[in-house]
1. Could you please find all residues in the range A:147-206 being basic (Lys, Arg), at the interface with chain B (Cβ under 9 Å from one of its Cβ atoms) and in contact with a helix residue (DSSP H, G or I) (Cβ under 6 Å, 6 or more places away or on another chain)?
2. Under the condition of being small (Gly, Ala, Ser) and not in a loop (DSSP other than H, G, I, E, B), which residue from the range B:8-25 is surrounded by the most Cβ atoms within 10 Å (Cβ to Cβ)?
3. Determine whether the range B:220-232 contains at least one residue that is surrounded by 15 or more Cβ atoms within 10 Å (Cβ to Cβ), part of a helix (DSSP H, G or I), modelled with pLDDT under 80 and out of contact with any Asp or Glu (no Cβ under 9 Å at 6 or more places or on another chain).
4. Among the residues of the range A:57-89 satisfying the criterion of being farther than 19 Å from A:PRO159 by Cβ and in contact (Cβ under 8 Å) with a residue 24 or more places away in the chain, which is surrounded by the fewest Cβ atoms within 10 Å (Cβ to Cβ)?
5. Counting just the residues of the range B:26-55 that are among the small types (Gly, Ala, Ser) and buried (at least 19 other Cβ atoms within 10 Å of the Cβ), which one comes out nearest to the chain's Cα centre (by Cα)?
6. Among the residues of the range B:201-232 satisfying the criterion of being away from chain A (no Cβ under 14 Å) and β-branched (Val, Ile, Thr), which is nearest to B:ARG185 (Cα to Cα)?
7. Take the range A:91-127 and flag every residue that is farther than 24 Å from A:PHE57 by Cβ, modelled with pLDDT of 50 or more and not in a helix (DSSP H, G or I).
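The values are calculated or read from the model by the stated rules, or taken from the named source; none is laboratory data. Model, not experiment: these values are computed from the prediction. Every residue, glycine as well, gets a Cβ built from its backbone with ideal geometry; the counts of neighbours run over all protein chains shown.
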Amino acid sequence: MPATVTRRPAPPFVSETTRQDGPATPADDESGLVDRARRGDVDAFEGLYRRHVGRVFAICLRMSGDRIRAAELTQDTFVRLWERLESFRGESALSSWIHRMAVNVVLAAARSDNRRTARVGLAEDDRDGEDGGPWEGMVRPESTDERIDLEAAIAALPPGARRVFVLHDIEGYRHEEIARITGNAEGTLRAQLHRARKLLMEALTR
Amino acid sequence: MTTRDDGHLSIETLGDYADGVLGTPERGAAATHLEACPSCRRELERVREVIAMAAAMPASVAPDADLWPGVRAEIERRRVVPLGAAHGAEAGNAETGERVGSIWSVRFVAGWTRRERVLLAVAAVLLVVATSALAAIARDRRGNGTQMARGPEAPGAVAGTAPVALPVAYRAIEADYQRTIAELRASLDAQRGALSPATIATVDRSLRIIDDAIAEARTALANDPGNRALVDMLTAGYEQKVDLLRRAAEHTSKI
């Protein structure tokens, strides 16, 4: 029987336009905020924060699978943005630059966490396939009336597979780009992507 | 193209087919199989459904709380603070784990163990101590310290190198701090005569307290290497020490 997938209504914390992402106004255009922030204007930097925090938090949340950790990573991203704002040359859109910065912060934190716990992401993901099924050792996504929230299912993925799925299927990165920023082989990334999709398919049909 | 033991297309092949990245021969073979296999067609639809749902996810998600105060506090913390800055507000509430105006107020309020709370209290004291030392240096700079005395060697220089087994990931970070501290201490020691004995005593007393806090954080981290709060606590201790030494060294060079 074909799978029937019904998406749960978006939880309160998810919105297309977030509470903190304010609309642009002519008098407060982004390039002006960047110029002022570069000169040390923290209030101008707050304007940039308000515009981009939802996007940054989304990537941090989905890649880390943890809301508290995502908040920390979001803060780290903006502190780093403040410190590196001088190096932004405008060759790409500011949003793309900020997005890439967030990805780098998350990946660096993941590498640090792996070193700290003396575990490697791939080895951690290798729990898949052990006794108890593909979700062995992981938090199974909760189901309510047979409807599964995709956010929760993504959060429950193994870390390596989750990051690749988020970057490829949600954020639209190509495998070669992901390979470059993660340092992993494309073949490994493809395997993790397929694993993530398989696990999500199973979660969404429960 | 790969197939499973039961002859159906593998999840890898279905995924690559959906992504359009199969080579021409493989794509042709997969298409032929799909045409004849309802099971694999359903599986392909499920793969495509997941891909479509992922692509349709909201690009923006609002955090549970406003994170800006923590970002701003961290930005301000990394800036140079004027000598003799008021310390009362910075010390904050050690009991609740909140340092007013600090990123910690967002990160580490809840879920602290008793030991971590004790360490945080120590950190709050450090802020007061360090600020007192800086105030003493500032007084010296205004001309209160005119005696050219040579004080005792600052104790505690080896506090950060006690033989405990820190997490591997932190050793490189600590080595960086140790190098910086050694350079600053050498610079300060070379110019101790420019400071009054009272100021030297204040600075040395502050360094001793900071070193004690560093030693305690190191021991705690060695016993609980996965504890992020302890990592941050140890880092804060080193930051405090570097900041104090740097400003003392800068001050003596200007006298």
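1. If we filter the range A:147-206 for residues that are basic (Lys, Arg), which is where we start, we get A:147, A:162-163, A:174, A:180, A:190, A:195, A:197-198, A:206.
After this cut, where a residue has to be at the interface with chain B (Cβ under 9 Å from one of its Cβ atoms) as well, the list is A:190, A:195, A:197-198.
Hits for the range A:147-206 are A:ARG195, A:ARG197, A:LYS198.
2. Initial filter on the range B:8-25 (small (Gly, Ala, Ser)): B:10, B:15, B:18, B:20, B:23.
Subsequent filtering for residues that are not in a loop (DSSP other than H, G, I, E, B) retains B:15, B:18.
Details: B:GLY15: 26, B:ALA18: 19.
Checked the range B:8-25; the qualifying residue surrounded by the most Cβ atoms within 10 Å (Cβ to Cβ) is B:GLY15.
3. yes
4. Of all residues in the range A:57-89, those farther than 19 Å from A:PRO159 by Cβ come to A:75, A:78-89.
Narrowing the set further to residues that are in contact (Cβ under 8 Å) with a residue 24 or more places away in the chain leaves A:78, A:80-82, A:85-86, A:88.
Details: A:PHE78: 28, A:ARG80: 15, A:LEU81: 24, A:TRP82: 21, A:LEU85: 18, A:GLU86: 9, A:PHE88: 16.
Selected residue: A:GLU86.
5. Let us first name the residues in the range B:26-55 that are among the small types (Gly, Ala, Ser), namely B:28-31, B:36, B:39, B:52, B:54-55.
Restricting the remaining residues to those that are buried (at least 19 other Cβ atoms within 10 Å of the Cβ) gives B:30, B:54.
Details: B:ALA30: 50, B:ALA54: 32 Å.
If we take residues in the range B:26-55 being among the small types (Gly, Ala, Ser) and buried (at least 19 other Cβ atoms within 10 Å of the Cβ), then B:ALA54 is nearest to the chain's Cα centre (by Cα).
6. Result: B:VAL203.
7. Once the filter is applied, which keeps residues that are farther than 24 Å from A:PHE57 by Cβ, modelled with pLDDT of 50 or more and not in a helix (DSSP H, G or I), the range A:91-127 yields A:GLU91, A:THR117.
Quick grid of which residues meet (1) at pLDDT 90 or above; (2) farther than 30 Å from A:LEU73 by Cβ:
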site	(1), (2)
B:GLU26	no, yes
B:GLU35	yes, yes
B:GLU43	yes, yes
B:ALA54	yes, no
B:PRO63	yes, no
